[in-house]
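> Here it is, the structure in full.
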Amino acid sequence: MSWTTHQINGLNAWTGRTSAMEVTLLPELGSKMVSLRNRLTGREWLAPAGGPLGNRGYASSFADSDGSGWDEMFPTINVCRYPEHPWKGTELPDHGEVWSIPWKAEGQEDDRLSCSVHGVRMPYRLGKTYSFAAEDRLRIDYQVTNLSPFPFAFLWAAHPLLHIEEGMEIIVPGELREIAVSYSERDRLGMRGDLRAWPRPFPNRPECRLDRTGRREERTAEKFYFTDELPEGAASVYDPVKQEGITFTFPKEKVPYLSVWANYGGYQGQYHLALEPATGFLDDLAHAMKQKAAAVVEGGGTYTWHLEVGWTKGKL
């Protein structure tokens, strides 16, 4: 296990690898992960950029970025205004603050990589440390430090845009039965907040299944959250043809929500899928706070969680 530094398009890059996994990050580009490769099969799991890597800087629209890789969404996803004292009325940018600004990266002696960034409009420090829990499993430990004396609410979500093919399986705990719509292109699944059954949202249209990746030609795009309490923090995408997959695991006590972004050509013509463990509900921090569905770190305190990513092998 080791980390090395190099350059990608003039940007400093860090690559960590084991016998089974290779990971590449760009700290200067919001600490975006641009590659997550299975070295045993050669499969690249992250969606590539359709054009030049990059974004238009702090508070720019995520739609104007490269639409690739894995970014961190924090402290909101949708644009909103913080609703409580002492930052009441402060506007938080699209997809949060941290995906569009440089992070500091530092290799550790114990084969870990630590990255950190400070808030722009809110007083916090967000840190994450990458390590390999096994040859085929990456672990990311997160820590939010509140640099103020007041309680600070936040919404974090992982945003790994996965490189997919038609017919791949989306696997979540079997007890989950219902989703809430956050976004649906042309309102195919309904309006924001509408509830639908999982995995078949329409009783009269059994052919419509949300647990299988669709074709790019379908021109659909949806974001939805599971409304049921997670029995465990786990979600996977599996390729039944090549019999390999990727699995995300996380502590449900700290990360109690799971959402899915399924873009089959409907948004900007892009084709990818994201499984998004989250600390808040329905993308809007202000909404989540009103629903008591946001994480809170007390004044001067810290909030920690982790996420592990590993390979699924063989037939499920």
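The values are calculated or read from the model by the stated rules, or taken from the named source; none is laboratory data. Every value quoted in this text rests on a predicted model; they were computed, and no experiment measured them. For neighbour counting, all protein chains shown are included, and Cβ atoms are generated from backbone atoms with ideal geometry for every residue, glycine included.
> Working only within segment 288-316, note down all residues that are within 18 Å of Asp228 (Cα to Cα), in contact (Cβ under 8 Å) with a residue 24 or more places away in the chain and not aliphatic (A, V, I, L, M).
If the condition is that a residue be within 18 Å of Asp228 (Cα to Cα), in contact (Cβ under 8 Å) with a residue 24 or more places away in the chain and not aliphatic (A, V, I, L, M), then no residue fits.
> Sticking with this structure for a sec: Among strands (runs of 3 or more DSSP E) lying entirely in segment 133-226, which contain 2 or more residues that are modelled with pLDDT of 95 or more and under 20 Å from Phe250 (Cβ atoms)?
137-146, 152-154, 157-160, 169-171, 178-184, 220-226
> When Asp111 is evaluated against the numbered criteria (1) crowded, with 18+ Cβ neighbours inside 10 Å; (2) acidic (Asp, Glu); (3) modelled with pLDDT under 95, which criterion, by number, is the only one it fails?
Condition not satisfied by Asp111: (1).
For (1) part of a strand (DSSP E or B); (2) among the aromatic types (Phe, Trp, Tyr), each residue gets a yes or a no:
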position	(1), (2)
Ser236	yes, no
Phe248	yes, yes
Ser259	yes, no
Gly280	no, no
Asp283	no, no
Lys292	no, no
Gly299	no, no
Trp311	yes, yes
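> Another question, if that's okay. Go through segment 1-43 and give me each residue that's surrounded by fewer than 19 Cβ atoms within 10 Å (Cβ to Cβ), farther than 17 Å from Ala133 by Cβ and β-branched (Val, Ile, Thr).
Thr4, Thr5, Ile8, Thr15, Thr41, listed by residue number.
Rundown of residues vs (1) of a type in the set (Lys, Arg); (2) without any contact (Cβ under 8 Å) to a residue 60 or more places away in the chain, yes/no style:
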position: Arg196; (1), (2): yes, yes
position: Glu207; (1), (2): no, yes
position: Arg212; (1), (2): yes, yes
position: Phe226; (1), (2): no, yes
position: Ile246; (1), (2): no, no
position: Lys252; (1), (2): yes, yes
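> Would segment 87-108 turn up any residue that is among the aromatic types (Phe, Trp, Tyr) and either in contact with a helix residue (DSSP H, G or I) (Cβ under 6 Å, 6 or more places away or on another chain) or on the phi > 0 side of the Ramachandran plot (or both)?
The answer is yes; a qualifying residue exists.
> Inspect segment 295-309 for any residue being acidic (Asp, Glu), under 28 Å from Pro83 (Cα atoms) and either crowded, with 16+ Cβ neighbours inside 10 Å or more than 17 Å from the chain's Cα centre (by Cα) (or both) and give the result as yes or no.
Within segment 295-309 (the criterion being acidic (Asp, Glu), under 28 Å from Pro83 (Cα atoms) and either crowded, with 16+ Cβ neighbours inside 10 Å or more than 17 Å from the chain's Cα centre (by Cα) (or both)), the answer is yes, since at least one residue qualifies.
> Do we find that Tyr238 is among the hydroxyl-bearing types (Ser, Thr, Tyr), more than 30 Å from Pro151 (Cβ to Cβ), surrounded by 21 or more Cβ atoms within 10 Å (Cβ to Cβ) and within 18 Å of the chain's Cα centre (by Cα) in this structure?
Taking the combined requirement at face value, the residue does not satisfy it.
> Under 6 Å between Cβ atoms, which residue pairs at least 6 apart in sequence (or on different chains) link something in segment 70-98 that is touching a residue at least 40 places away in the same chain (Cβ under 8 Å) with a partner that is surrounded by fewer than 17 Cβ atoms within 10 Å (Cβ to Cβ) and not in a loop (DSSP other than H, G, I, E, B)?
If the second residue must be surrounded by fewer than 17 Cβ atoms within 10 Å (Cβ to Cβ) and not in a loop (DSSP other than H, G, I, E, B), the pairs left are Arg81/Glu91.
> Considering only strands (runs of 3 or more DSSP E) fully contained in segment 6-64, which possess at least 2 residues that are in contact with a Lys or Arg (Cβ under 9 Å, 6 or more places away or on another chain) and either in contact (Cβ under 8 Å) with a residue 24 or more places away in the chain or over 19 Å from Cys115 (Cα atoms) (or both)?
Counting at least 2 such residues, we get 21-26.
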